[in-house]
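I have placed the structure first, in the form of structure tokens, so that the comments after it can refer back to it.
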Amino acid sequence: MELEGAYPPVNFRRWNGVLALVLLALVVVDAATWPREPLARESLPLFTPWDATALASVRVVDPTAAEGARELEAVRDGEGPFRLKQAFGFPARDLVVDNLVHGLASMTTLDLLTEDPKGHARYGLTEAQAVRITLRDGQGGVLADLFQGDLAPGGRACYVRRADGDQVYRAPLFVQRVRADVLPWIEGRWMPLDESLLQRVTVEVAGEPTLDCRLIPGSRLEWRTPDGRTLGATKMRTLLSSLSRATIGAIEAAGEPAWAAGDRILHLEVEQAGGLVWRGSLGPAVGSEGPLAGVERDGEFSVRLAPAISDALRGAIRGLRE
């Protein structure tokens, strides 16, 4: 007996087949779209490792910098200090050179972002955008040649590429944009002062007796003149503080100071433990630019000091005589 309006019988075997096909399709889609861990990449040095003693020159070119600050070259003769060709051979700061060289030597191919040259502009890595850094050995051979582009988001890496390739890499820990102007490369202080090593300070001022101060043995900062007068720590600290704050504003020339010996305002000799002696002379002011200072440190150089710095220095020397 059939009831009116009853549903037709269900073919469960047919529906089971349809459901199986649907489940199989879902499994295929799921396998294709499931987020997987990226394949492990081999991390290789970006440049062939070099012997640190082989490095002879560092050249930086920044096409985006102001005129006069677009190119810099630091050159080393043998194992001596690197010297700045754009600043009459003034010694470059070891720390600046070391950090740059270490940064290039530590780069790897781990974080490859693109191999398409059309993407260079996006990362600031076209020749018109990027800073180019070239390291060479004593025979002129290239040890490293790199374009440094923009900082990555977060400021913890920058984008780089080899000058002979199109691959763009993310370089962690290499985040300071390298500059081609001189001042970041030089020792900014007029005198590299280490109070703990000072033994003797000699001051010559035009028309006055030479002041020869020696550290009293066993004291921290008590000084005595040859006539037995003791200088308090405060007076000497004022002088040393003035010296430590004296920074170089510009490199004027190499060789003999740019003034006659009779125009010298004062001359300083500072002796440190081990016999190392630093010598410097303060010359006349040049217009409104401030006085020139002659520095003897790996050679003779004339640099420019700010007027406030030279005034503080002369004031501290007057205080020693009072």
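The values are calculated or read from the model by the stated rules, or taken from the named source; none is laboratory data. None of the values given here were measured: they were computed from a predicted structure. Here the Cβ is made from the backbone with ideal geometry for all residues, glycine too, and neighbour counts use every protein chain on show.
For (1) closer than 16 Å to HIS267 by Cα; (2) aromatic (Phe, Trp, Tyr); (3) assigned by TED's automatic domain parsing to the domain that holds GLY124, each residue gets a yes or a no:
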residue	(1), (2), (3)
VAL168	no, no, yes
ALA171	no, no, yes
PHE174	no, yes, yes
ARG177	no, no, yes
ALA180	no, no, yes
TRP190	yes, yes, no
VAL201	yes, no, no
VAL205	yes, no, no
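For every residue, the table says whether it meets (1) surrounded by 18 or more Cβ atoms within 10 Å (Cβ to Cβ); (2) of a type outside the set (Lys, Arg); (3) assigned to a helix (DSSP H, G or I).
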residue	(1), (2), (3)
CYS213	yes, yes, no
SER219	no, yes, no
LEU239	yes, yes, yes
SER242	yes, yes, yes
ALA253	no, yes, no
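With respect to ALA180, determine if the residue is modelled with pLDDT of 95 or more and of a type in the set (Gly, Ala, Ser). Against the criterion (modelled with pLDDT of 95 or more and of a type in the set (Gly, Ala, Ser)), ALA180 does not qualify.
Scanning the range 159-194 for residues that are under 16 Å from GLU127 (Cβ atoms) and touching a helix residue (DSSP H, G or I) at 6+ places or on another chain (Cβ under 7 Å) yields TYR159, ASP166, VAL168, VAL178.
Of the residues making up the range 123-164, those that are part of a loop (DSSP other than H, G, I, E, B), more than 26 Å from ARG76 (Cα to Cα) and modelled with pLDDT of 95 or more are GLY124, LEU125, THR126, GLU127, ALA128, GLN129. Among the residues of the range 80-100, the ones that are touching a strand residue (DSSP E or B) at 6+ places or on another chain (Cβ under 8 Å), assigned to a helix (DSSP H, G or I) and crowded, with 19+ Cβ neighbours inside 10 Å come to 2 in all. The residues on offer are TRP50, TRP15, TRP34, and the sole one that is of a type outside the set (Val, Ile, Thr), surrounded by 10 or more Cβ atoms within 10 Å (Cβ to Cβ) and at pLDDT below 90 is TRP15.
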